[in-house]
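Colleague: The structure's right below; bear with me while I get my questions together.
The values are calculated or read from the model by the stated rules, or taken from the named source; none is laboratory data. This structure is a prediction, so every number in the text was calculated from the model and none was measured. Please note: Cβ atoms are built from the backbone with ideal geometry, for glycine as well, and neighbour counts cover all protein chains shown. Calculation scope for accessible area: heavy atoms of the full protein, side chains included, ligands and nucleic acids excluded. Shrake-Rupley method; radii C 1.70, N 1.55, O 1.52, S 1.80 Å.
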Amino acid sequence: MNSSVIVFPGSNCDRDIAVALEKLQFKNRMVWHKDSDLPKSDLIVIPGGFSYGDYLRSGAIAAKSNIINEVIKAANHGCLILGVCNGFQILIETGLLKGALLRNKNLKFLSKDVFVKVVKNDNKFCKKYKSGQIIKLNIAHNEGNYFINSENLKKLEDKNLIAFKYCNQKGEINEGSNPNGSLNNIAGIFNENKNILGMMPHPERMVDKTISSEDGINLFSSLLG
Amino acid sequence: MLDPQGKVIQQILQNMGMNTLKELRQGKYFEIEINEKDENKAKNKVDEMCKKLLANLIIEDFKVNKL
């Protein structure tokens, strides 16, 4: 599997993603945002961080960068795209994923471990998890409060495009287990073809038992086929 | 639309005794100079800028005023 990690000025999770991918024997390349050629990739990852200092809106400037045109083209040809945290915000700003990510409800930058539920495993990103599995991942964001209008929310639900929901240790999805005010506890979503996944929690921070846990590793190993 | 920053500012102003304050929302403001003599064309250009980048139409709307 060939993967590319897109690097923007202000990206700060790019190397963590690369470590996770290389651990699973992906042939990974780092791609600078000014490049206009994308190496042939089965998977493109847009990492977390603060691209362009979060100027204007988180992800808004990165969404207009050179390389993003290539990412959009690849996405439309079915290439797998994963956006984590700021990467999710960028995918939202490109329009590849629907909705918006607003300031956290409590106005605080959140950096902590949370529980999320894998909604279904019938997709390329989650197939090594069980449907309904509860995993612990880390979040670190200021704008993770997912919003979408009710008509499109219904589409997400009906077409089974919600990938992860925030929950508590018992798997209960409610206001108490919602860290940032996201609509329906949404932590990650797919596009209609399910080749694009955007998520606020960081799976790449949970790929090594010595440092944290291995709850995130199945997301990457699922992609190996 | 939930505007948590606006809500906090509103609450503080009300605590400060601004009793007639009904609702407050926070937004953004850009000053834009355009190299264009035709006013309509200039306005259309700014509209395009708002739609393509400056505003996120899912959560924001915009208004263009001549200064």
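Colleague: If packing is taken as the average number of other Cβ atoms within 10 Å across a peptide's residues, how do A:109-119, B:2-12 rank, most packed first? Each step should come with its number before you reach the end.
Modeller: Details: A:109-119: 18.1, B:2-12: 14.5.
In descending order of packing, they fall as A:109-119, B:2-12.
Colleague: Roll a 1.4 Å probe over the protein chains and send me the accessible area per residue for chain B in Å².
Modeller: Numbers: 5850 Å² over 67 residues.
I get 87 Å² per residue for this part.
Colleague: For chain A, what does -39500 (n - 2.57) per DSSP helix run (n ≥ 4), summed and divided by total residues, give at 222 nm, in deg cm²/dmol to the nearest 500? Walk me through the numbers before you get to the answer.
Modeller: Numbers: 5 runs with 45 residues, N = 225.
Taking each H run of at least 4 residues, the total per residue is -5500 deg cm²/dmol.
Colleague: Find the sum over both chains of the accessible area lost when B and A are paired, probe 1.4 Å, and report it in Å² to the nearest 100. Before the final figure, lay out each step's value.
Modeller: Details: alone 6430 and 10260 Å², together 15500 Å².
Looking at B and A, the buried total is near 1200 Å².
Colleague: Turning to a different aspect of this structure: In the range B:1-23, which residues give up 30 Å² or more of accessible area once the other protein chains are added, compared with their chain alone (1.4 Å probe)?
Modeller: B:1, B:2, B:4, B:5
Colleague: Taking all protein chains as present, what is the carbon and sulfur share of the accessible area of the protein assembly as shown, in % to the nearest whole number, probe 1.4 Å?
Modeller: Carbon and sulfur atoms account for 48 percent of the accessible area of the protein assembly as shown.
Colleague: Note every residue of the range A:95-136 with a reduction of at least 20 square angstrom in accessible area, all protein chains present versus the isolated chain, computed with a 1.4 Å probe, or write none.
Modeller: In the range A:95-136, residues shielded by partner chains: A:99, A:100, A:102, A:103, A:105, A:107.
Colleague: Let me ask another. Counting Lys and Arg as +1 and Asp and Glu as -1, each charge on the Cβ, what is the dipole of the range A:157-197 about the Cα centre in debye, to the nearest 20?
Modeller: Details: 4 positive and 5 negative charges, 30 e Å.
The calculation lands at about 140 debye.
Colleague: Starting from the Cα of residue A:77, move 7 Å in the Cα-to-Cβ direction to define the label point; list residues of the range A:175-205 whose amide nitrogen is under 20 Å from there.
Modeller: From the range A:175-205, the list is A:191-197.
Colleague: Of A:193, A:185, A:69, which is the most mobile in a GNM of chain A whose springs link Cα atoms less than 10 angstrom apart?
Modeller: Between A:193, A:185, A:69, it is A:193 that shows the largest mean-square fluctuation.
Colleague: Using Cα pairs under 8 angstrom and six or more residues apart, how large is the relative contact order of chain B, in percent?
Modeller: Numbers: 28 pairs, mean separation 15.8, N = 67.
24 percent.
Colleague: Let me ask something else about it. Once the whole set of protein chains is in place, how much accessible area is left on residue A:151, using a 1.4 Å probe, in Å² to the nearest 10?
Modeller: Probe radius 1.4 Å; accessible area of residue A:151 about 130 Å².
Colleague: Take the alpha-carbon centre of the range A:123-163, take the same for the range A:1-32, and report the distance between them in whole Å.
Modeller: What the calculation gives is 23 Å, centre to centre.
Colleague: Looking at the range A:1-114, what % of its DSSP beta bridges pair antiparallel, to the nearest 5?
Modeller: Numbers: 1 of 14 bridges.
In the range A:1-114, approximately 5 percent of DSSP beta bridges are antiparallel ones.
Colleague: I've got another one for you. Given A:130/B:52; A:154/B:7; A:64/A:128; A:98/A:128, which pairs have Cα atoms separated by over 30 Å?
Modeller: Values: A:130/B:52 40 Å; A:154/B:7 28 Å; A:64/A:128 34 Å; A:98/A:128 25 Å.
Flagged as over cut-off: A:130/B:52; A:64/A:128.
Colleague: Is the range A:108-225 best put as rounded, prolate or oblate by its Cα gyration tensor, with a ≥ b ≥ c the root eigenvalues, rounded for a/c under 1.5, and otherwise prolate when a/b is larger than b/c, oblate when not?
Modeller: Details: a/c = 1.68, a/b = 1.11, b/c = 1.51.
The shape class here is oblate.
Colleague: A follow-up question, please. Which of A:187, A:62, A:74 moves the most in a Gaussian network model of chain A with Cα springs under 10 Å?
Modeller: A:74
Colleague: What percent do you get for the relative contact order of the range A:131-225 when only Cα pairs under 8 Å and 6+ apart count? Display every interim value, and only then the final one.
Modeller: Working: 122 pairs, mean separation 27.2, N = 95.
The normalised contact order for the range A:131-225 reaches 29 percent.
Colleague: When a/c reaches 1.5 or more, the comparison of a/b and b/c decides; with that in mind, is chain A rounded, prolate or oblate per its Cα gyration tensor? Walk me through the intermediate numbers first.
Modeller: Working: a/c = 1.37, a/b = 1.19, b/c = 1.15.
Note, shape of chain A comes out rounded.
Colleague: A follow-up question, please. Take every Cα pair under 8 Å in chain A that's 6+ residues apart, average their separations, divide by the length, and report that relative contact order as a whole percent. Present the calculation step by step, with values, prior to reporting the outcome.
Modeller: Values: 521 pairs, mean separation 43.2, N = 225.
Rounded, it is 19 percent for chain A.
Colleague: Taking the full set of protein chains and a 1.4 angstrom probe, give the accessible area of residue A:212 in square angstrom, rounded to the nearest 10.
Modeller: The accessible area comes out at roughly 50 Å².
Colleague: Determine the per residue accessible area of chain A with all protein chains present and a 1.4 angstrom probe, expressed in square angstrom. Don't jump to the answer; show the numbers that get you there.
Modeller: Details: 9650 Å² over 225 residues.
I get 43 Å² per residue for this part.
Colleague: To continue, here is another question. Place a point 7 Å from the Cα of residue A:19 along the Cα-to-Cβ direction; which residues of the range A:204-225 have their backbone N under 18 Å from it?
Modeller: A:204-221
Colleague: Express as a percent, rounded to the nearest 5, the fraction of DSSP beta bridges in the range A:2-222 (both residues included) that run antiparallel. Kindly include the intermediate steps, with their values, before the conclusion.
Modeller: Numbers: 23 of 40 bridges.
Around 60 percent of the beta bridges assigned by DSSP in the range A:2-222 are antiparallel ones.
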